[in-house]
1. Mind listing whichever residues of region 16-61 are open to solvent by 100 Å² or more (accessible area, probe 1.4 Å) and among the hydrophobic types (A, V, I, L, M, F, W, C)?
2. Residue check: is L73 loosely packed, with under 10 Cβ neighbours inside 10 Å and either on the phi < 0 side of the Ramachandran plot or within 55 Å of the chain's Cα centre (by Cα) (or both)?
Amino acid sequence: MLLEINPLVLPDIGLVFWNTVAFIVLFFVLRAFAWKPMLKAIHDREQGIEDALSKADKMKADIAAMQSENEALLAKAREERAQMIKEAKETADKMVADAKEKAKNEYDRIVADAQVAINQQKNAALTDVKNQVGSLVVEVAEKVLRRELSNKAEQENYIKQLADGVKLN
């Protein structure tokens, strides 16, 4: 039995022929209708992937360029900020210096005006004192002249009495 061959295992020439014919027909039908669209779809997919990769590389390069541009802009903004702070500080210092100078000038003017006023009041007071002294002298002279001029000692005593009686304001 071992030597006997099972008929199911042995291929029949007709079966091989028809299987070959069916395979060839199926091959040409699949090649005509399925193989080309599948290859085209695979090719389109490969192309899409390549395009996506190239776009990703381009975007990556753009992002790197934008980052360097942003860093340059940030550096420029920092410089401008530092310049603005410096200018603001200089302006503030100038304003303080101007205010000090103006206050000093105003102080000097007020002091000068006060000195002028003091001198005027001093002169007015001296004039007033001179006028009072002059009027007292005139009064004393008038009283002395009214009195008799015969006795000189009596006149001197009278002048001393008048001088003691005068009160200066």
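The values are calculated or read from the model by the stated rules, or taken from the named source; none is laboratory data. The structure presented is a predicted model; accordingly, all values stated were derived computationally and were not measured. Cβ sites come from the backbone with ideal geometry, for glycine too, and all protein chains shown count toward neighbours. Note: accessible area is taken over every heavy atom of the protein model, side chains too, but ligands, DNA and RNA are not part of it. Shrake-Rupley method; radii C 1.70, N 1.55, O 1.52, S 1.80 Å.
1. F17, W18, F23, F27, F28, F33, W35, M38, L53, M59 - these are the residues of region 16-61 that are open to solvent by 100 Å² or more (accessible area, probe 1.4 Å) and among the hydrophobic types (A, V, I, L, M, F, W, C).
2. Considered against the rule, which asks whether it is loosely packed, with under 10 Cβ neighbours inside 10 Å and either on the phi < 0 side of the Ramachandran plot or within 55 Å of the chain's Cα centre (by Cα) (or both), L73 comes out as no.
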